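Structure first, then comments.
The values are calculated or read from the model by the stated rules, or taken from the named source; none is laboratory data. None of the values given here were measured: they were computed from a predicted structure. All Cβ positions, even for glycine, are placed from backbone atoms using ideal geometry, and neighbour counts span all protein chains on display. The area values use the complete protein model at the heavy-atom level, side chains included, leaving out ligands, DNA and RNA. Shrake-Rupley method; radii C 1.70, N 1.55, O 1.52, S 1.80 Å.
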Amino acid sequence: QVQFVESGGGLVQPGGSLRLSCAASTNIFRLSTMGWYRQAPGKRRELVARILSDSSLNYADFVKGRFTIPRDNGKKTVYLQMNSLKAADTAVYYCNFASGNFGSWGQGTQVTVSS
């Protein structure tokens, strides 16, 4: 089954930036709709952003204007550039397919926004 490895999380102050990376093991990466998800303690996992194979983009309202989701098909990697971070963005961030069946969920990467 397809696997994903997320990295790039950490502790950042409010207003700061982080760039997350997700490497995928699938050979059809370039054809796949990829998404970033997050799960805060006690909350459901939610979709943050997704990028389609034609590079069309969708963002959750709570990150519009602050996050972007570029991809590099040659590296089979999707990124999440997070700017103007807020305490409410604190969560474990995961990547996975955002269309069709999910692959295996990785361990995610913790993002903590705190002063």
**OP:** Before anything else, pin down the relative contact order of the chain: Cα pairs under 8 Å, at least 6 apart, normalised by residue count, whole percent.
**Re:** 38 percent
**OP:** With a bin width of 10 angstrom, please list the P(r) values of the chain as percents of all Cα-Cα pairs, from the 0 bin to the one holding the largest distance.
**Re:** 15, 51, 29, 5, 0
**OP:** Report the relative contact order of region 41-93, percent, no decimals, based on alpha-carbon pairs under 8 angstrom and at least 6 residues apart.
**Re:** 25 percent
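Provide the per residue accessible area, probe 1.4 Å, for region 11-63, rounded to a whole number of square angstrom.
58 Å²
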**OP:** Check cross-link reach from K64 to the aspartates and glutamates: straight Cα distance under 19 Å, and skip same-chain residues fewer than eight apart.
**Re:** E46, D89
Subject >> Ranked by how many other beta carbons lie within 10 Å on average, peptides 41-49, 21-29 from highest >> reply: 21-29, 41-49
**OP:** May I ask for the distance between the Cα centers of region 3-30 and region 33-89, given as a whole number of Å?
**Re:** 9 Å
Original post:
Counting only protein heavy atoms, what percent of the accessible surface of region 1-78 is carbon or sulfur at a 1.4 Å probe?
Top reply: 48 percent
Original post:
When the chain is fully extended, how far beyond the present Cα-Cα distance does L47 get from N101, taking 0.36 nm per residue of separation?
Top reply: 18.0 nm
**OP:** Go ahead and set up a Gaussian network model of the chain, Cα springs under 10 Å, then flag whichever of G65, G16, G74 fluctuates most.
**Re:** G74
